[in-house]
Amino acid sequence: MEAKYLNYNNKKFDFSSFFKNNQSVKNISHYIAKFPKDIIKKKIKVVKEDKKFIRTYKNFIKTEIQKLFKYEIVFQKLPNIRVLYPNDIEAVVPYHCDKWYNHSNDEINFWLPLHQVSSTESMQIVNLNKSIELEKKILNEKFSYNKINKLISKYAKPVKCDFGKILKFSPLHLHGNVINRTKFPRISIDFRVKKLNSKFRSKTLGGYFDVIKK
Ligand SMILES: [Fe+2]
């Protein structure tokens, strides 16, 4: 499955609104930049437990994501909410594909930035063919972590998308972060879905995944 940008209704599903105290705020990235990191960390925890946020997320899956599939899907119970601050070396996620981290090949990943992204603040991704080719090389030649990262970084490109778009990609796509060299933090949501009628291993149905309520 090639990576694909999809549109969604960002008026109806405005996830950025949960992070603002004032709805006249236009740019969520510029807005969260005004607060200390620990305040934003707490805010994320509050949002993840906010019933309205959970309802909006479930409704989003039901209306915007399920329609992309011919079969019934299950979805990651709670999405991940991540912030990548400028010049934060520790926040850098080394290049990997999710397959290396207990995710099965038949999961589908979604990455939804809450504002426009285009460079070092964005997620970096390698196209599918190159990802598969590089993974083979990495496994065959038993690369060290450092070497893996160096090799993949040559081919990774930033996800470029506007607010209102979501990236769909596979557990085989190599991806990661680099140091955010922009002036502003990036905030994004990510989650995975999978076919209801499929095998569940360590990421169980009822635990990690949930069914869409009709
Ligand atoms: Fe990942």
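Values in this text are rule-based calculations from the coordinates and carry no lab data. Predicted model only: the values in this text are computed from it and were never measured. Here Cβ is always computed from backbone atoms with ideal geometry, including for glycine, and neighbour counts include all displayed protein chains.
Summary of values
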item: Residue-by-residue Karplus 3J(HN,Hα) for the stretch 71-76, coefficients 6.51, -1.76, 1.60, Hz, glycine and proline x; result: 10, 6, 10, 10, 9, 4
item: Cα shape, the stretch 4-211, gyration tensor, a/c 1.5 rule; result: oblate
item: HIS115, HIS173 arranged by Cβ crowding within 10 Å, fewest neighbours leading; result: HIS115, HIS173
item: Given charges at Cβ of Lys, Arg, Asp, Glu: the chain dipole, positive-most of VAL159, ASN149, ASN197; result: ASN197
item: For MET1, MET123, order by how many other beta-carbon atoms lie within 10 Å, fewest first; result: MET1, MET123
item: Cα gyration tensor shape of the stretch 151-214, rounded if a/c is under 1.5, else prolate or oblate by comparing a/b with b/c; result: prolate
item: Helix-only CD estimate at 222 nm, as mean residue ellipticity for the chain, using -39500 (n - 2.57) per DSSP H run (n ≥ 4); result: -7000 deg cm²/dmol
item: In Hz, Karplus ³J(HN,Hα) per residue of the stretch 28-35 (6.51, -1.76, 1.60; θ = phi - 60°; x = Gly, Pro); result: 5, 5, 5, 5, 5, 4, 6, 9
item: Under-5 Å amide H pairs with GLU121, H placed in peptide plane, nonlocal only; result: ARG181, THR182
item: Axial C-alpha extent at least 15 Å, average Kyte-Doolittle at least -1.0 - helices from the chain (DSSP); result: 37-49, 128-140
item: Fewest-first sequence of GLU2, GLU121 by Cβ atoms within 10 Å of each Cβ; result: GLU2, GLU121
